[in-house]
Every structure is written in structure tokens, then in C-alpha cells.
Amino acid sequence: MTSASVTTRPYDDLDLSSRAFWSTTAADRERTFAELRRHRPVTWHPPVEDSLLQDPDDPGYWAVTRHADIVDISRRSDIFISGKGVLFENVPEEMLEASQSFLAMDPPRHTLIRKLVSSAFTPRQVKRIEDSIKANARDIVGELVAAGSGADFVDLCAKELPIRTLSDMVGIPESERHGVAEAADAMVSLADPTFLAGRNPLELLIGSQMYLHEIAFSLAAERRSNPADDLISNLVHAEVDGDRLTDEEVAAFFVLLAVAGNDTTRQTTTHAMKALTDFPEQRAWLMEDFAGRIGSAVEEFIRWASPVMTFRRTAVEDFDLSGQTVRAGDKVVMFYASGNWDTDVFEHPEQLDLSRDTNPHVSFGGGGRHFCLGAHVAKAQLRAIFDELLHQLPDIRAGEPSLVAGNFVHAVRSLPVTFTHGGQA
């Protein structure tokens with residue numbers, strides 16, 4: 001299908017593409033999503049306004065808002081591929097793998113790279129990660145206590161555990177931890193005018209990616225000669241059927257780890273802290289049996305936050321999706337935030353319910369080949385940080401968040417928290 005023929009399709013009247021839409025709150029956006037889910041769950045929309053690289057031939061995308069369709073697309077990787085990119089916009093092919101690793105791959109290459117990476121997550125490595133997560137969570141909440149009531153929860157708590165976990169997993173030296181966190185932030189904040197502060201977003205993206213690659217190359221070279229007890233060592237020495245990862249593949253995965261391993265857990269922690277403040281009865285329920293209930297609570301935290309709001313696929317052949325004919329070459333964007341509030345799947349999704357018996361949220365993808373490899377690490381971090389927060393600071397409360405505009409990560413810039421400690425407010 002040519003671009004000219006595609007553009008004859010009428011765009012839907014509801015706006016999912018403007019900067020204004022993505023600058024509102026999740027509750028505001030949900031009103032639009034609910035309308036689409038009810039009446040037309042697959043709709044055609046113009047290219048997003050904040051596209052990093054303007055493409056005059058980009059006709060738009062299909063927006064998929066219903067849970068069942070998101071799951072269907074996620075599991076039909078024969079029809080809906082990732083090799084053209086997973087963001088709204090068209091990223092140059094030479095940048096795809098370097099920035100998105102196997103997220104932007106299809107079989108057989110995806111199968112090989114994921115198998116090699118998975119082989120590095122040994123039982124010993126996973127156990128070591130979980131032990132370090134618990135220790136880091138204890139230290140971080142202690143530091144929040146020392147900072148005092150009124151501190152910024154994002155800066156002092158939510159963003160600290162992911163970067164320390166990543167650093168312990170990978171072996172990032174202390175001197176580079178702040179820089180890695182900053183570069184990861186930059187790669188998901190390119191649509192936020194406040195973050196950009198007049199800087200060129202494309203230059204910022206390339207600079208951040210190059211910095212992360214340099215760190216990875218340096219670590220890979222060191223670990224090839226001098227292996228350590230960390231993930232980079234496992235990655236550079238991993239072998240499956242005679243295949244090994246190149247330094248470029250290790251670097252690309254490092255970028256993916258830095259972004260996915262930082263922002264998703266950070267945002268879920270922040271949104272969950274705010275939700276526990278807004279739903280005190282749910283917090284009380286959790287604290288009646290924290291150890292027995294934190295498992296279901298974490299799943300609800302993740303559903304509620306929907307830390308990654310959208311992911312894209314590209315159709316490789318014509319396909320009927322909820323009554324719409326998706327043509328080969330069309331971009332298809334899954335709106336995870338909408339799927340996680342689908343009333344056909346979740347009863348009263350507008351309420352935080354930590355006891356949800358089944359919680360098939362799509363926050364780690366809807367299943368299939370691209371289900372999040374680090375899901376267990378994210379959940380371990382959430383269990384550990386809320387164990388420490390709710391026991392060390394039993395009356396901690398969140399104020400109003402400052403949100404980051406953008407259509408990819410459900411990001412919070414800052415969140416003040418208040419608490420008493422040692423009798424002081």
C-alpha cells in the first residue's frame with residue numbers, strides 16, 4: 001500500500017497524537033481511552049506531534065486500546081513485528097539495534113540474542129541480585145529518613161534503588177553511576193520541554209547513547225580479560241551453540257538495561273507511593289499481613305502505574321483486527337495504559353485493589369516473545385522498597401506529583417513526601 005492510499009483513511013476525531021494530550025494526567029487520558037474501548041477499539045491517527053525525526057511520508061498509526069487486542073498483537077509476532085522499531089516514530093535502522101537491542105528484533109536474530117542474554121541470568125546471579133536489592137532498599141530508606149520530612153521521593157528514593165540494582169548487576173563503577181542514570185533519563189525524556197531546557201533532542205539522544213556504549217565497551221573489554229561476579233562478565237562469556245555476543249551487542253543490551261531497568265521500576269515505585277496515600281484502606285489491608293499480601297500488591301502497583309504506556313509493532317501482512325483491516329506496513333501502537341484499565345478485564349480499574357485475585361496487566365507486555373526479561377528483578381525491587389518504606393516510615397504520605405510530558409514512559413519528575421521519625425514531623 002502506498003503512502004498516498006493510506007492517507008485517504010480518515011483520522012479519528014479523538015486526539016491521541018498531540019503534545020497537549022500527553023501533557024495531561026492519566027485520569028484525563030483514560031476518559032479518551034474509555035470512549036475508544038467502548039465504541040472503536042482500533043482507530044487510525046496522525047503521526048505524533050513530538051516526533052523526534054519528522055517524516056513527511058509517515059501516514060500515521062493504528063491505536064489499539066483494548067486489552068484483548070493488545071494481547072493478540074503481542075502474541076502474533078509472525079504478523080506484528082518489532083524489527084522496524086517499538087516507538088511511535090520511525091527511528092533510522094542504523095540506530096535501532098544500538099538503542100533498543102532485542103526489543104527491535106525478530107526471529108531468528110531475536111531468538112539467538114535473547115537466548116544468549118537469558119543464559120547470563122544464572123541462579124547464582126539472580127540470588128546475588130536479590131540479596132543486594134534488599135540491602136540497598138534498607139540503606140536508601142535510611143537515607144530518606146536522614147533527609148527529613150518534605151524530601152523529594154523521586155530523587156532520594158524511587159530513582160536510587162534501580163540505579164544501584166543495575167550497578168550491582170552489571171558492575172558499573174561508583175564514579176559512573178550518576179552519569180548512567182542521567183543518560184537513561186535523557187533517552188525517555190526527549191519530548192519533555194522542561195527536561196530539554198532548549199537542548200536539541202536528537203543531539204541529546206545520540207550523546208546519551210554514545211556515552212552508554214562507551215561505558216559498556218570499557219566494561220566488556222575489562223571483563224573479557226578479568227571476569228568478575230557480575231552480569232557483564234556473564235554476558236561477554238555467555239555461549240549458546242557456539243555463538244557469543246559481540247561487544248556491540250553487549251553495548252546495545254546495556255542501553256536497554258539502563259533505560260528499562262531504571263525508569264520502569266522508578267515510575268512504578270513513585271505512582272505506588274502516591275496510590276497508597278490516596279487509598280489508605282488499601283495500605284491498611286496490606287500492613288495486616290505484609291509478607292503474605294505484598295505479592296498481589298506488587299502486581300496491582302504495576303497495573304496502576306503502567307510505567308511504559310505505549311509500544312509499537314509493524315504489520316507484515318494484512319490482518320483483520322477488531323473489524324479494521326490493518327495493511328502490511330502499517331504501524332500499530334498498543335496503549336498499555338488503556339489495556340490496564342479495560343473494564344472487560346478489570347473490575348473497577350479506577351480503584352487501587354491490592355487483593356485482585358487475578359491481575360493480567362500488560363505492563364510487561366501482553367505475553368509472547370517480547371515479555372519483559374527483567375520482570376522478576378523489577379518485582380523484587382518493589383517488594384524490597386515497600387517493605388522498608390512501610391515499616392521504617394509507617395506514616396509516610398505523598399504530596400502532589402510533578403509529571404513529565406511524553407507518550408512513552410509514565411514519568412514523574414518529583415513527589416514530596418512527609419513523615420514523622422523520632423517524634424519529629
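Coordinate-derived values only; no laboratory data. Model, not experiment: these values are computed from the prediction. When we count neighbours, we look across all protein chains shown, and the Cβ atoms used for this are built from the backbone with ideal geometry, even at glycine.
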- Note on the structure: Sorted on mean Cβ neighbours within 10 Å (highest first), peptides 222-235, 156-169 come out as 156-169, 222-235
- Query: So how far apart, in nm, are the two label points at residue 281 and residue 8 if each is 7 Å from Cα heading toward Cβ?
  - Reply: 5.6
- Task: Go ahead and run the numbers for FRET between residue 119 and residue 182, Cβ-Cβ distance against an R0 of 41 Å, rounding to 0.05.
- Result: 0.85
- Item | Selection from 280, 255, 178, by position along the positive dipole direction of region 3-418 (Cβ) | 280
- Query: Rounded, prolate or oblate: which one fits region 148-254, using the alpha carbon gyration tensor with axes a ≥ b ≥ c (rounded when a/c is under 1.5, else prolate when a/b beats b/c, else oblate)?
  - Reply: oblate
- Starting from the Cα of residue 84, draw a straight line to each of the lysines and keep only those under 17 Å, dropping any in the same chain fewer than 8 residues away. 331
- Cα centroids of region 17-37 and region 353-425: how far apart, whole angstrom? 22
- Message: With the cut-off at 1.5 for a/c, could you classify the chain from its C-alpha gyration tensor as rounded, prolate or oblate?
- Response: oblate
- With a ≥ b ≥ c taken as the square roots of the eigenvalues of the C-alpha gyration tensor of region 154-216, please select rounded if a/c is under 1.5 and otherwise prolate if a/b is larger than b/c or oblate if it is not? oblate
- Task: Rank by packing, highest mean first: peptides 31-41, 55-65, with packing defined as the count of other Cβ atoms within 10 Å averaged across residues.
- Result: 55-65, 31-41
- Item | MRE, 222 nm, helices only [DSSP H, n ≥ 4, -39500 (n - 2.57), over the chain, to nearest 500] | -16000 deg cm²/dmol
- Message: Give me the one-decimal nm value for the distance between modelled label points at residue 57 and residue 395, 7 Å along each residue's Cα-to-Cβ direction.
- Response: 6.4
- Taking residue 134 as the anchor, which lysines have their alpha carbon closer than 21 Å to its alpha carbon, excluding any fewer than eight residues away along the same chain? 159, 379
- Query: List the aspartates and glutamates whose alpha-carbon lies under 12 Å from that of residue 274, not counting same-chain residues fewer than 8 positions away?
  - Reply: 400
- Item | Charge dipole magnitude, Cβ of K and R +1, D and E -1 - region 3-418, Cα centre, debye nearest 20 | 540
- Ranked highest first by average number of other Cβ atoms within 10 Å, how do 70-79, 15-24 line up? 70-79, 15-24
- Relative contact order (percent) for the chain, with alpha-carbon contacts under 8 angstrom and 6 or more residues of separation? 24
- In nm, what is the difference between 0.36 nm times the number of residues separating residue 25 and residue 247 and their Cα-Cα distance? 75.9 nm
